[in-house]
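Here, each number is a calculation from the coordinates, and none is a lab measurement. Predicted model, so just to flag it, every value in this text is computed and none were measured. Don't worry about glycine lacking a Cβ; one is built from the backbone with ideal geometry, like all the others, and counts go over all protein chains shown.
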Amino acid sequence: MKSRMKLGDFLVACLRRAGVTHVFGLPGDLVLGLFHRFGAERSLEIVTFSHEPAVGFAADGYARSTRKLGVICVTYGAGGYNVLNPVAGAYAEQIPLLVVSGGPGEAESKLAGVHHQVKDVAAQCRIFSEVTCSARILKHPERMAEQVHETLRQVLTEHRPGYLEIHRDLVDLEIPVPKHIVEWSGSFPRRASDSRKLAEAVGEAARCLRAAKRPILIGGVELYRGQVERDFRRLAEKLAAPVVTTILAKGVFPMDHPLHMGIHVGPFSAPAIQRRVRSADLVLSMGNQLTDINLGAAKPQVRRDRSIWAVSGRVNISFHTYTDVTLKDFVARLAKEKLPRISERVEYHDNLKRTPLRAGSRTPLSINDLLVEVNEFLSSARGRRYHVFAESGDMLFGGLETRMQSGGTYFAQGYYASMGFGVPAAMGAEIGTGRRPLVLCGDGAFQMTGPEISHAPVRGLAPIVVLVNNAGWGIFRAVTPRKELLEIPPWPYAELARAWGGIGIRVETREELREALGTAHDAKGFAIVECIVPPDDSSPVSRRYIRASARKSRATRR
């Protein structure tokens, strides 16, 4: 970092100092100069895919799994608009991404129209302003360094995407860099709590806990994003009270921990979990977002007067609200208080039905048994450290039943729920962490972005894709009278895997799936395990969720 630098070099230096090692993107004429600057020797590693949506999802998976900044570089117009949906998902799910787009030079901008342009030159920036915390076109040399630095600050402190547009004739422009940016450490101060509000919030919470006889803890995804997992675990172990987590927070609290009771998703939780939450005289909900998926499309089962609800920047205790109190400070301080020890005996619960595997049985594979076998694999010595990525659709709800082991984490677009996330996000995560992912994916979603797995051999990636082939958009079959609208072309998925340089295995029974998972694990490259299931079958939670949604829809139409 120097006091005067070319804009392209300054951006690279900023990203490197912030800990960025990879840029996900696709080249294009209006961003070639910047693209080459990112990929210069001793600069950043560029990761390309076949289509911009996969670029965006991969950067998202990289950012989720590493908890670092994910960077996307695309060309203006055609590239920028293609990546808009993944960026919208990252905004909804609070993922820190930086989108860097090229743009037309000054002379081109004065023409009546530039190729890739929609409406006017600034239109793309305005559109991205709706799905980012900061969207800027860099225009004024004397302010460019400050604008880049401020955008990074907003992205990394707010955990939302940001957007920078750099027109191609400015990449080599020399700009001044203020001293405080030259000396920048690469990180930004964590938001601080108001010490008086924090003390009062912790004091009131501790009094509530001392009076409680049957407390329960609900862990949410903000624990992971704010790196609060260790403090949350210390609090749970100090209380020795049962812990449940939301779908997005699977793995935030070790799922093989003796205090982990399972996943809470409102009325779609296992019956024992629903009963335990309803019977609690105090619910500690930490980092939990009020979304339709987390709540099971129902009203909260937690009464406000019997709850402590802490999220980023705010703590609600019964009907008292403490603002300017961070989740990390609150959980860490509460875990240090003198608290009662509940010492409740806890059992893990889910919605799966378990039956013994019968050797030689030709019973068709069901989604229930598929999930049972995936859990068996994850609990084995071979599968313990896998990350699991669940694609939107039936596998989002089916993924609720996967039981992660210590060392493995679960990832899904559990709120925005855009199909096509799973495969590229898993590859981005493997690039960032080096850990092998297992992807739960339906055939419909795979046809969107699944072929991006053909990039895996070149990059030495080895995801295992458990592909549910039910010949269509299965999750909608129960609520759509015209079934022909849900049909998709019958791709030979296992054969395609072999053509793309991986291994492909087609299975029709539970025994074949168990063997295939072992074979896929032993393979050095990627694998697609194509699981043939009945068209009308779905995961236990999906069946209940669809029925409830259909009832709600009918009631709305009346």
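Summing Lys, Arg as +1 and Asp, Glu as -1, what charge do residues with Cβ under 14 Å from the Cβ of Gly219 carry, Gly219 excluded? Don't skip to the answer; put the middle values down first.
Values: positive: Arg225, Arg230, Arg233, Arg234, Lys250, Lys328; negative: Glu222, Glu229, Asp231, Glu237.
Surrounding charge for Gly219 is +2.
Here Lys353 is the anchor, and the lysines within straight C-alpha reach of less than 25 Å, apart from those fewer than 8 places off in the same chain, are Lys250.
Subtract the Cα-Cα distance of Leu357 and Arg67 from 0.36 nm times their separation in residues, and report this length gain in nm to one decimal. Display every interim value, and only then the final one.
Values: separation 290, 0.36 × 290 = 104.40 nm, distance 3.92 nm.
That works out to 100.5 nm of additional length.
The spacing between the range 355-418 and the range 48-109, judged by their C-alpha centroids, is 29 Å.
For the range 367-545, take the convex hull of the Cα atoms, compute a quarter of its surface area, and give me that in nm², please.
Numbers: hull surface 37.2 nm².
Over every viewing direction, the Cα hull of the range 367-545 projects on average to 9.3 nm².
Exactly which trypsin sites (Lys or Arg not before Pro) in the range 1-49 are in a DSSP loop and have at most 16 other Cβ atoms within 10 Å?
Details: sites: Lys2, Arg4, Lys6, Arg16, Arg17, Arg37, Arg42; in loops: Lys2, Arg42.
Here the trypsin sites (Lys or Arg not before Pro) that fit, given the DSSP loop and packing criteria, are Lys2, Arg42.
Work out the P(r) tail for the chain: percent of alpha carbon pairs separated by more than 46 Å, whole number. Write down the numbers at each step before the final one.
On the way: 26288 of 155403 pairs.
It works out to 17 percent of all Cα pairs.
State which entries of Lys119/Lys139; Lys2/Lys68; Lys197/Lys328 exceed 21 angstrom in Cα-Cα distance in the structure shown. Lys2/Lys68, as the Cα separations exceed 21 Å there. Between Lys524 and Asp172, the modelled label-to-label distance comes to 4.3 nm, taking each label 7 Å out from Cα in the direction of the beta carbon. Panel note: the C-alpha atoms of the range 1-116, placed on their principal axes, show extents of 43, 36, 23 Å (largest first).
For the range 233-349, the Kirkwood radius over C-alpha pairs fed into Stokes-Einstein at 4 °C and 1.567 mPa s yields D = 88 µm² per second. Straight-line reach from Lys338: which lysines have a Cα under 17 Å away, not including same-chain ones fewer than 8 places off? Qualifying lysines at Cα under 17 Å: Lys213, Lys238. Pairs of Cα atoms nearer than 8 Å and 6+ residues apart set the relative contact order; for the chain it is 13 percent. Any idea what diffusion coefficient the range 114-240 gets from Stokes-Einstein, in µm²/s, Kirkwood Rh on alpha carbon pairs, 4 °C, 1.567 mPa s? Estimated via Stokes-Einstein, D reaches 68 µm²/s.
Dipole orientation for the chain: of the candidates His167, Ala192, Thr132, Ala192 has the Cα lying most toward the positive pole (charges on Cβ; Lys, Arg +1; Asp, Glu -1). Think of each Lys and Arg Cβ as +1 and each Asp and Glu Cβ as -1; about the Cα centre, that makes the dipole of the range 333-405 roughly 480 debye. Simple spin-label estimate for Arg214 and Ala240 gives 1.9 nm between the two label positions (7 Å along the Cα-to-Cβ direction from each Cα). With bins 5 Å wide beginning at 0, the percent of Cα pairs of the range 204-291 falling in each bin runs 3, 15, 27, 27, 19, 8, 0.
On full extension of the chain, what length is gained from Ser50 through His115, given 0.36 nm per residue of separation minus the C-alpha to C-alpha distance?
Values: separation 65, 0.36 × 65 = 23.40 nm, distance 2.11 nm.
So the extension gain works out to 21.3 nm.
Positive end of the dipole of the range 239-385 (Cβ unit charges, origin at the Cα centre): among Ile308, Leu282, Thr323, the Cα lying farthest that way belongs to Leu282.
Within the same chain, aspartates and glutamates fewer than 8 places from Lys483 are excluded, and of the rest, those with a Cα less than 19 Å from its Cα are Asp394, Asp443, Asp536, Asp537.
If r is the Cβ-Cβ distance from Arg190 to Arg230 and R0 is 22 Å, what FRET efficiency results, to the nearest 0.05?
Values: r = 15 Å, r/R0 = 0.70.
Approximately 0.90, to the nearest 0.05.
Tally Lys/Arg at +1 and Asp/Glu at -1 over every other residue whose Cβ is under 15 Å from the Cβ of Gly28; what's the total? Here the charged neighbours net out to -2.
DSSP beta bridges fully contained in the chain are about 15 percent antiparallel.
Would you work out the charge dipole size for the chain about its Cα centre, treating the Cβ of every Lys and Arg as +1 and the Cβ of every Asp and Glu as -1, and quote it to the nearest 20 debye?
Values: 75 positive and 57 negative charges, 491 e Å.
The calculated dipole for the chain is roughly 2360 debye.
What FRET efficiency do you get for Lys336 and Ser129 if R0 is 41 Å and r is their Cβ-Cβ distance, rounded to the nearest 0.05? Efficiency computed from Cβ-Cβ geometry: 0.45.
Calculated FRET efficiency, Arg498 and Arg435, Cβ-Cβ r, R0 35 Å, to nearest 0.05? Display every interim value, and only then the final one.
Numbers: r = 25 Å, r/R0 = 0.71.
Approximately 0.90, to the nearest 0.05.
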